[in-house]
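Presented below is the structure to which this report refers.
Derivation of every value follows stated rules applied to the coordinates shown; laboratory data play no part. This one's a predicted model, so the numbers in the text were calculated from it and none came from an experiment. FYI the Cβ positions are ideal-geometry reconstructions off the backbone, even for glycines, and counts take in every protein chain you see.
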Amino acid sequence: QVQLVESGGGLVQAGGSLRLSCAASGRTFSTYNMGWFRQAPGKGREFVAHITWTNSIYYSDSVKGRFTISRDNAKNTVYLQMDSLKPEDTALYYCAGGRSPFSTIPENYNSWGQGTQVTVSS
């Protein structure tokens, strides 16, 4: 497993941007498939984006065209650039990693960060 630490959350007005970072420990990061999930109060954990170790990328319909996932294996870091933010994007954002093929199911990831809060005001 890799250890994951998210950063970059904060408070932003609707229409604004934030970039989340997820720093990973360990020498195997480059072989991990990485995902971002989010969880709003009272709701389940929702898939946001995924990037495979071969750089195939997937997005949920709710963020497609607004969010961009990327990775820098030299820095052991995965990013989530979030543009045109909406109040409904408000949630605790989690980084996740695993060796399973692309999945929107949280249980298919075996490494998780502690989360970073994103709040979008209207």
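Explain nothing, just compute: Karplus ³J(HN,Hα) = 6.51 cos²θ - 1.76 cosθ + 1.60, θ = phi - 60°, for every residue of segment 24-36 in order, whole Hz, x for Gly and Pro.
Values, residue by residue: 10, 9, x, 8, 9, 3, 5, 9, 8, 7, 10, x, 10 Hz.
Would you mind estimating how fast the chain diffuses translationally, via Stokes-Einstein at 4 °C and 1.567 mPa s with the Kirkwood radius over Cα pairs, in µm²/s?
For the chosen part, D equals 92 µm²/s.
Please list, in order, the residues from segment 87-120 whose amide nitrogen is less than 12 Å from a point placed 7 Å along the Cα→Cβ vector of Ser62.
Once the point is set 7 Å along Cα→Cβ of Ser62, 87-93 turn out to lie under 12 Å by backbone N, inside segment 87-120.
Would you please classify the overall shape of segment 12-81 from the alpha carbon gyration tensor, given that a ≥ b ≥ c denote the square roots of the eigenvalues, rounded means a/c under 1.5, and beyond that prolate means a/b larger than b/c while oblate covers the rest?
prolate
For Thr54 and Leu11, calculate 0.36 nm times their separation in residues minus their Cα-Cα distance, and state this gained length in nm to one decimal.
Result for the pair: 12.2 nm of gain on full extension.
Have a look at Ile51, Ile69, Ile105 and tell me which one the Gaussian network model of the chain (Cα, springs below 10 Å) gives the largest fluctuation.
Most flexible of the set in this elastic network: Ile105.
What lysines does Lys86 reach when the alpha-carbon gap must be under 26 Å and sequence neighbours fewer than 8 apart in one chain are set aside?
Lys43, Lys64
Which far-off residues, 5 or more places away or on another chain, put their amide H under 5 Å from the one on Ser111, with H placed in the peptide plane?
Gly97
For the pair Asn73 and Gln3, how long in nm is the line joining their label points, each one 7 Å along Cα→Cβ?
2.3
Set the Förster distance to 25 Å, then compute FRET efficiency between Ala40 and Arg99 from the Cβ-Cβ distance, nearest 0.05.
Here the calculated transfer efficiency is 0.35.
With each label point set 7 Å from Cα along the Cα-Cβ vector, what nm distance links Lys86 and Ser121?
Between Lys86 and Ser121, the simple spin-label model gives 2.1 nm.
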